[in-house]
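The values are calculated or read from the model by the stated rules, or taken from the named source; none is laboratory data. None of these values were measured; they are calculated from a predicted model. Here the Cβ positions follow ideal geometry from the backbone for every residue, glycine too, while neighbour counts run over all protein chains shown.
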Amino acid sequence: MTPLKTIIIDDERPARIELRGLLRQFDFIEICGEAANAAQALKLVKEHHPHLLFLDIEMPGRNGFELLESLPLPHPHVVFTTAFDAFAIRAFEVNALDYLMKPVDPKRLEKALEKVRLHPPAGATRGARERLRVRRLREGVD
């Protein structure tokens, strides 16, 4: 299966390291970059055209919502990772796939990634989307 290109965006280096470690167990996730702020993230998104973002909200400079507003369409799937529950409603208003509280619980991460598998990103290639669909069928998800 073709991995989904993923970028981790968080101003806290320990949080990026922790999430990267948790994501290693998922063979369909390819981390193609990490960013500590919105400016770095925008550059990585333009360079890699990711399918999935793990995005913190509170960051110096532009926050996660402001970053999303500046991204070219189509947007990749977004899973917010934050220490604040106050932004959850707004996150889903901007079509976030999920909202994870820090520190990220591995079981919640697994559920968030299951949503990614059930709803392949629009930017995924036809081949990757088909492989995701076949995998879901084999696992009895469809």
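Can you say whether VAL79 is assigned to a helix (DSSP H, G or I) and within 22 Å of PRO120 (Cβ to Cβ), as far as the supplied structure shows? Break it down into steps so the answer makes sense when it comes.
Working: assigned to a helix (DSSP H, G or I): no; within 22 Å of PRO120 (Cβ to Cβ): yes.
Judged against the criteria, VAL79 is not a match.
Would you pick out the residues in the stretch 41-60 that are within 21 Å of VAL94 (Cα to Cα), of a type outside the set (D, E, K, R) and not in a loop (DSSP other than H, G, I, E, B)?
ALA41, LEU42, LEU44, VAL45, LEU52, LEU53, PHE54, LEU55, listed by residue number.
Could you check the stretch 82-102 and list, in sequence order, the residues that are aliphatic (A, V, I, L, M), part of a helix (DSSP H, G or I) and surrounded by fewer than 20 Cβ atoms within 10 Å (Cβ to Cβ)? Walk me through it before giving the result.
At the first step, the residues of the stretch 82-102 found to be aliphatic (A, V, I, L, M) are 83, 86, 88-89, 91, 94, 96-97, 100-101.
Narrowing the set further to residues that are part of a helix (DSSP H, G or I) leaves 86, 88-89, 91.
Scanning the stretch 82-102 gives ALA86, ALA88, ILE89.
Among the residues of the stretch 1-40 satisfying the criterion of being in contact with a helix residue (DSSP H, G or I) (Cβ under 6 Å, 6 or more places away or on another chain) and in a helix (DSSP H, G or I), which is surrounded by the most Cβ atoms within 10 Å (Cβ to Cβ)?
ALA38
Considering only residues of the stretch 62-75 that are modelled with pLDDT of 95 or more and outside any helix (DSSP H, G or I), which is surrounded by the most Cβ atoms within 10 Å (Cβ to Cβ)?
Residue satisfying both the conditions and the ranking: ASN63.
Restricting attention to the stretch 43-57, and to residues there that are in contact with a Gly (Cβ under 8 Å, 6 or more places away or on another chain) and charged (D, E, K, R), which single residue is surrounded by the fewest Cβ atoms within 10 Å (Cβ to Cβ)?
Here is the first cut: in the stretch 43-57, the residues in contact with a Gly (Cβ under 8 Å, 6 or more places away or on another chain) are 44, 47-51, 55-57.
Of the ones still in play, those that are also charged (D, E, K, R) are 47, 56.
Values: GLU47: 11, ASP56: 27.
The qualifying residue surrounded by the fewest Cβ atoms within 10 Å (Cβ to Cβ) is GLU47.
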